[in-house]
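The structure under discussion appears below in the form of structure tokens.
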Amino acid sequence: MNDINMTYEEALSHAPNEEPARQYFFIERCQDMLEKLKESSGKEAFTFHIATFGCQMNSRDSEKLQGILEAIGFVETDTEEADFVLYNTCTVRENANDRVYGRLGFLNGLKKKNPHMMIALCGCMMQEEKVVAKIKKSYRFVDIIFGTHNIFKLAELIHERLEAKKMVVDIWEGTDRIVEDLPTERKYPFKSGVNIMFGCNNFCSYCIVPYVRGRERSRNPEDIVEEVRQLAADGVVEIMLLGQNVNSYGTSSENPVSFAELLTRIDQVEGLERIRFMTSHPKDLSDELIEAMKKSKKVCSHLHLPLQSGSSRVLKIMNRKYTRERYLELVEKIKTAMPDISLTTDIIVGFPGETEEDFQETLDVVRKVRFDSAFTFIYSKRTGTPAADMEEISPDVVKNRFDRLLAEVQKISAEVCGRDEHTVQKVLAEEVNDYEKGLLTGRMSNNTTVHFKGDPSLIGKIVDVHLDESKGFYYMGTLA
Ligand code: SAH
Ligand code: SF4
Ligand code: F3S
């Protein structure tokens, strides 16, 4: 039974204990509460807006949060002048945090004008005690704070907020649970992220992710394959398998299935055309995986393989568990097996104690591997990580190295990226180009962007495109 006239306490005592049934109970109650609010306020709809910071994990989480909000009856809007605004935050580098605080001030202004407005914060930043303490103290207008482990509870938290009428804070330190089968929305009808694992056990010495995302947990392979099957049946042609270190998929499970084996099973799903995955940790990339990628017709011709540093000395202090030589050997093996593959990477500049020689070694690896593109980051000190206790190097030196690295990376990218000019390639048409009328934008298997003339009805389809001209990081093409 779920009668809207029940008191809050009665509702809590009637709520099922098992998930996801408990959340469906609260979704239903929130639906009724929202209807009542609509009546009393005379508003036709209650809107929501989610702003997502950070990585694909967060984007996928936001789709789940959106699914719950829509199930309750909120209607999406693309501005922050909404009745329910949710920030799904990231804390991987300090500048991510600063952006959130800045925008909260702006939200407060909006809230003063809209008495129904609720502001919720979730995601990695909320897993840090000092952040929650600061919000409780200086941002009292925030309504709901929750973390990374309990996003499935959104309906229950909204219910509590509406009943208790005070700030609701629910942060879990960790979890061993994976709650399946809640409503979820997709941003694109034709492509989707699929979580295969949560958390991280690697504790790279600079990185906060293991502290805010908890220990590594892999989903059951059967659940993953079933989800992919349903997505494919629903028109999804491309999936991105998500995990902080997909190469260690399954190792924490009772009946381990390797990532390579999982890929092989997903490869057989009918209707699915492209498989991507992120992120691969070099230390766990197996020969079996290279073989599985090579054999598969669906796995895309792209591998993101974070390097972080090209100096074995720095890699050791970073706790990355591979050396410069091992990384280069791995790249060699991958390029031999798949000569057309596009390699991308992440690099951190200015890790504590990084010397000019260390930096030169990074530049050297960049020149040897010739990445299609590289995300370069300035080291950011994260509280609680081992590197936070190490002595930082001068910001001027770091900035100078960063500029030199970026110039090198861009020069190589421009040379490498044009290699498919004047060929015909399969392109997944993804969206209408915002800048030029009549153009569509899509991606090749190796993740390069292509703009070409085409009808919007092609969106979601994989089409043959002649690459007329390379523009460095993208191509201009025509339908073949
Ligand atoms: N699990 C992935 C990376 C997740 S974080 C992996 O291991 O590759 C994404 C990227 O952010 C990292 O690859 C790293 O380059 C960067 N990063 C993480 N912590 C950082 C820090 N403290 N300062 C600067 N960059 C950082
Ligand atoms: Fe962070 Fe390392 Fe885990 Fe990646 S593997 S999330 S860099 S600790
Ligand atoms: Fe940021 Fe959390 Fe992803 S810290 S990079 S959103 S896992």
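The values are calculated or read from the model by the stated rules, or taken from the named source; none is laboratory data. Because the structure is predicted, anything quoted here is derived from the model rather than measured. So basically every Cβ, Gly included, is an ideal-geometry build from the backbone, and we count neighbours across all protein chains shown. When the accessible area is computed, the model is the full protein with side chains, heavy atoms only, and any ligands, DNA or RNA have been set aside. Shrake-Rupley method; radii C 1.70, N 1.55, O 1.52, S 1.80 Å.
Figures for the structure shown
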read-out: Sum of side-chain charges, Pro20 neighbourhood, beta-carbon under 9 Å (Lys, Arg +1; Asp, Glu -1); value: -3
read-out: Average Cα contact separation per residue, region 302-419, under 8 Å, 6 or more apart, as relative contact order %; value: 29
read-out: Contact order normalised by residue count of the chain, Cα under 8 Å, 6+ apart, percent; value: 9
read-out: Calculated FRET efficiency for the pair Asp434/Asp396, C-beta based, R₀ 41 Å, to 0.05; value: 0.60
read-out: Between helix 395-417 and the chain: long-axis angle, C-alpha atoms, 0 to 90°, nearest 10; value: 70
read-out: Gain upon complete extension [Val424, Met6; 0.36 nm per residue less C-alpha separation]; value: 144.1 nm
read-out: Rounded tilt (10° steps) of 21-41 against the dominant C-alpha axis of the chain; value: 60
read-out: When region 34-189 is reduced to its Cα atoms, the Kirkwood hydrodynamic radius in Å; value: 15.9
read-out: Estimated translational D of region 265-415 in µm²/s (Stokes, Kirkwood radius over Cα pairs; 37 °C; 0.692 mPa s); value: 198
read-out: Amide H within-cut-off set for Val169, under 5 Å, with H built and near neighbours excluded; value: Ile145
read-out: Heavy-atom accessible area order for Tyr249, Tyr435, largest first, 1.4 Å probe; value: Tyr435, Tyr249
read-out: Where the Cα pairs of the chain fall when distances are cut into 20 Å bins, in %; value: 21, 54, 24, 1
read-out: Unit charges on C-beta of K, R, D, E only; dipole of region 219-335, Debye; value: 800
read-out: Debye equation applied to the C-alpha atoms of region 426-480, log10 I(q)/I(0) at 0.17, 0.19, 0.22, 0.26 Å⁻¹; value: -0.41, -0.52, -0.70, -1.01
read-out: Accessible solvent surface per residue of region 1-109, calculated while the other protein chains remain in place, 1.4 angstrom probe, Å²; value: 46
read-out: Furthest towards positive pole of dipole, His304, Met318, Leu285, structure part region 282-323, Cβ charges; value: Met318
read-out: Å³ per residue enclosed by the Cα convex hull of region 376-440; value: 202
read-out: Cysteines without a disulfide-compatible partner [the chain; Cβ-Cβ under 4.7 Å]; value: Cys30, Cys55, Cys90, Cys122, Cys124, Cys200, Cys300, Cys417
read-out: Sum of side-chain charges, Val314 neighbourhood, beta-carbon under 11 Å (Lys, Arg +1; Asp, Glu -1); value: 0
read-out: Ordering of 10-17, 417-424 by packing [mean C-beta count within 10 Å, highest first]; value: 417-424, 10-17
read-out: Burial ranking of peptide ranges 123-136, 459-472, 84-97, 162-175 (average Cβ count within 10 Å, highest at the top); value: 84-97, 123-136, 459-472, 162-175
read-out: Reachable lysines, given that their alpha-carbon falls under 23 Å from the alpha-carbon of Lys298 and they are not under 8 places away in the same chain; value: Lys187, Lys191, Lys333, Lys335, Lys426, Lys461
read-out: For the chain, with +1 on Lys and Arg beta carbons and -1 on Asp and Glu, the positive-most of Ile27, Tyr211, Gly147 along the dipole; value: Tyr211
read-out: Net charge contributed by nearby residues that have their C-beta within less than 13 Å of Tyr379 (K/R +1, D/E -1); value: -1
read-out: Antiparallel DSSP beta bridges within the chain, as percent of all bridges there, nearest 5; value: 35
read-out: Separation of the Lys453 and Leu110 label points, Cα + 7 Å toward Cβ, nm; value: 4.0
read-out: Debye log10 I(q)/I(0) at q = 0.19, 0.26, 0.31 Å⁻¹ for region 43-85, Cα point scatterers; value: -0.55, -0.90, -1.10
read-out: With Cα atoms, 0 to 90° folded angle of helix 129-138 axis to the chain main axis; value: 50
read-out: Alpha carbon Rg of region 128-249, scaled by the compact-globule rule 2.2 N^0.38 Å; value: 1.25
